[in-house]
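A short worksheet on the structure shown next.
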Amino acid sequence: MGRSGGTRVIIFESAIDAMHQPGGMVYDEMRDAAREVTFLAQLDAPKRTGQLAAGIRMASERRASRKKVGFYVRSDAPHSFWVHEGTRDQITPTTFPYMRLPAFPEMGARGTSPRMYRKVVSGQVGQPFLTNNLRYVMAGVAN
């Protein structure tokens, strides 16, 4: 007759901690996901000047506990917030009564197009190049 009994699994907390350390399974998976988001966001960022794509960076978060892994992707370009989130319906100047804008931006490099002056311009719709790529990558990680 065989022994009838249950099966036991012993989980060592040190093994779980090791998964969250650099080189561990959880740490490596999150780092790879953050790298993929960074790469895709650089491809997806609007490219009028290339400043947005050039400013996209990945960094790791400082640890608050042993079982915490955190990476973030950010854009350092000064105008990245307004491109990512969009602006309100109308944009008005804050320092002078008029804004100086290129009349024909498609003519060439910045500063070479003739200028026009406007009191109000339309806002822009957000282009969430970071959020969209995070959703795309995390959908793949979850499967």
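Here, each number is a calculation from the coordinates, and none is a lab measurement. Note that the structure is a prediction, hence the values are computed from the model and not measured. A quick note on method: Cβ atoms are made from the backbone with ideal geometry, for glycine too, and the neighbour counts reach across all protein chains shown.
Under 9 Å between Cβ atoms, which residue pairs at least 6 apart in sequence (or on different chains) link something in the stretch 85-99 that is closer than 7 Å to Gly123 by Cα with a partner that is of a type outside the set (Gly, Ala, Ser)? Here the result reads Thr87/Gln124; Thr87/Val125; Gln90/Val120; Gln90/Val121; Ile91/Met99; Ile91/Val120; Ile91/Val121; Ile91/Gln124, each pair linking the stretch 85-99 to a residue that is of a type outside the set (Gly, Ala, Ser). For the stretch 41-100, a tally of residues being under 30 Å from His20 (Cα atoms), among the polar types (S, T, N, Q) and in contact with a His (Cβ under 8 Å, 6 or more places away or on another chain) returns 1. State yes or no: is Asp44 at negative phi and exposed (fewer than 14 other Cβ atoms within 10 Å of the Cβ)? No; evaluated as a whole, the condition is false for this residue.
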